[in-house]
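Enquirer: Pasting in a structure now, in structure tokens, and then I'll have a few things to ask.
The values are calculated or read from the model by the stated rules, or taken from the named source; none is laboratory data. Everything numeric here is computed off the predicted structure, so don't read it as measured data. Every residue, glycine among them, receives a Cβ derived from its backbone with ideal geometry; neighbour counts consider all protein chains shown.
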Amino acid sequence: MSDAAANAEARRIIDDVYRPASPVRQIPTYFKDDTPDPAFGDAEPVHQENRRIVPAWAAGVAVASLGIGAGTTGIGCGAWLVLKGFASMSITGVIAMGALFSGLAFAALSIGAAFSRARASTSKHVYTGPVTKHTHVSTHTRGTFSRTRNTFHG
């Protein structure tokens with residue numbers, strides 16, 4: 001076989017291998033609609049899925065913010081009502097409210113003192129046997145960073 005015949009046969013084999021079985025269909029990768037948009041019309045609504053994802057920490061922060069805001073608003077309203085009530089009181093009413101608060105504080109202090117004394121132990125331990133004091137200490141140092149542990153034997 002001559003060089004020209006060999007090259008022709010090689011070209012034929014390569015073309016047979018790499019020739020597509022059917023012609024390649026060209027698929028457009030874009031579409032541009034040049035028709036102008038109508039000013040008004042009766043088009044049906046198109047469903048658009050909502051796929052927003054909110055992280056759990058963001059939802060937690062939002063709920064906590066709402067709770068803190070509501071709690072702060074309640075405390076602020078309560079303080080406003082109390083202070084408005086104090087502002088409209090006479091000096092006699094202020095003294096009566098002070099006596100009420102000091103009476104509550106005195107009652108709480110008395111109850112706390114009673115519980116404290118009731119919990120306190122009244123028994124005294126009297127030791128009659130001999131008392132010995134052991135002062136033997138053993139020291140253990142081990143490890144790379146030399147942690148020392150002292151143990152008292154008694």
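Enquirer: Answer yes if at least one residue in the stretch 49-69 is polar (S, T, N, Q), within 40 Å of the chain's Cα centre (by Cα) and assigned to a loop (DSSP other than H, G, I, E, B), and no otherwise. Before the answer, list the steps.
Expert: As a first pass, look at the stretch 49-69 and keep what is polar (S, T, N, Q): 50, 65.
Add one more test, that the residue is within 40 Å of the chain's Cα centre (by Cα), and what stays is 50, 65.
Filter once more, so that each one left must be assigned to a loop (DSSP other than H, G, I, E, B): 50.
The answer is yes; a qualifying residue exists.
Conditions tested, residue by residue: (1) at pLDDT 75 or above; (2) surrounded by 10 or more Cβ atoms within 10 Å (Cβ to Cβ); (3) in contact with a strand residue (DSSP E or B) (Cβ under 9 Å, 6 or more places away or on another chain).
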position: 96; (1), (2), (3): yes, yes, no
position: 104; (1), (2), (3): yes, yes, no
position: 109; (1), (2), (3): yes, yes, no
position: 123; (1), (2), (3): no, no, no
position: 131; (1), (2), (3): no, no, no
position: 136; (1), (2), (3): no, no, yes
position: 139; (1), (2), (3): no, no, yes
